[in-house]
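Asks: Starting off with a structure, shown below.
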Amino acid sequence: MSVPAELKYTESHEWVRLEADGSVTVGITQHAQELLGDMVFVQLPDVGRTLAQREDCAVVESVKAASDIYAPVGGEVIAANTDVESSPEKINEDCYAAWLFRLKPASADEIGGLLDAGGYQKLLDSEAH
């Protein structure tokens, strides 16, 4: 299973990439999309919406189940990837390229509290037992 070292992760299986401009890009991990199966629907947060850390803000739905997506950090939504809304299967094809939304974080401190790749792998290993 792929757990890219350059990303940060949440315990609810979102990945987070810190961008050069200080914004963060958010998607779901390979583990999450494998559990869910074939994606059929994605609902993203509106651009301009202000989110609190861990607030449910998006939904991904597969043939098996629907799952809430949580904001990994608090901040303002500055972009939503409408490509995955019209083609949800892109998440199954490459979950690390098929990002969901971008945030302008309210606090850099929250980013520091996210899991690194090693911490996320330990979480996955513990869930497997």
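Asks: Could you go through segment 54-67 and let me know if any residue there is of a type outside the set (Val, Ile, Thr) and in contact (Cβ under 8 Å) with a residue 60 or more places away in the chain.
Replies: No, there is no match, as no residue in segment 54-67 is of a type outside the set (Val, Ile, Thr) and in contact (Cβ under 8 Å) with a residue 60 or more places away in the chain.
Asks: Only one of Ile111, Ile78 is surrounded by 12 or more Cβ atoms within 10 Å (Cβ to Cβ), at pLDDT 95 or above and among the β-branched types (Val, Ile, Thr); which?
Replies: Ile78
Asks: Among Ser12, Ser2, which is the only one that is within 19 Å of Glu127 (Cβ to Cβ) and either surrounded by 13 or more Cβ atoms within 10 Å (Cβ to Cβ) or modelled with pLDDT of 95 or more (or both)?
Replies: Ser12
Asks: Quick check on my filter: what residues within segment 72-91 are closer than 20 Å to Gln30 by Cβ and in a loop (DSSP other than H, G, I, E, B)?
Replies: Pro72, Asn81, Ser87, Pro88, listed by residue number.
Asks: Just checking, how many residues over segment 93-122 are in a strand (DSSP E or B) and not aliphatic (A, V, I, L, M)?
Replies: So the count comes out to 4.
Asks: Next question, about the same structure. Report, by residue number, each residue of segment 38-53 that is touching a residue at least 40 places away in the same chain (Cβ under 8 Å) and assigned to a loop (DSSP other than H, G, I, E, B).
Replies: Asp38, Leu44, Pro45, Gln53
Asks: In segment 1-37, what count of residues is obtained for those that are free of Cβ contacts under 8 Å to residues at least 24 places away in the same chain and either in contact with a helix residue (DSSP H, G or I) (Cβ under 7 Å, 6 or more places away or on another chain) or within 14 Å of Ala71 (Cα to Cα) (or both)?
Replies: 1
Asks: Assuming Ala97 fulfils every condition listed in (1) in contact (Cβ under 8 Å) with a residue 24 or more places away in the chain; (2) among the aliphatic types (A, V, I, L, M); (3) within 25 Å of Glu127 (Cβ to Cβ) apart from one, which condition is it?
Replies: The failed condition is (1).
Asks: Look through Gly27, Gly37 and report the one residue that is out of contact with any His (no Cβ under 9 Å at 6 or more places or on another chain) and on the phi > 0 side of the Ramachandran plot.
Replies: Matching residue, one of Gly27, Gly37: Gly37.
Asks: Next question, about the same structure. Scan segment 57-71 residue by residue and report those that are more than 15 Å from the chain's Cα centre (by Cα) and part of a strand (DSSP E or B).
Replies: Ser62
Asks: Moving on to the next point. If we keep just the residues of segment 61-110 that are in contact with a Pro (Cβ under 6 Å, 6 or more places away or on another chain) and β-branched (Val, Ile, Thr), which is farthest from Arg49 (Cα to Cα)?
Replies: Checked segment 61-110; the qualifying residue farthest from Arg49 (Cα to Cα) is Val73.
The values are calculated or read from the model by the stated rules, or taken from the named source; none is laboratory data. Predicted model, so just to flag it, every value in this text is computed and none were measured. Reconstructed Cβ throughout: ideal geometry from the backbone, glycine too, with neighbour counts over all protein chains shown.
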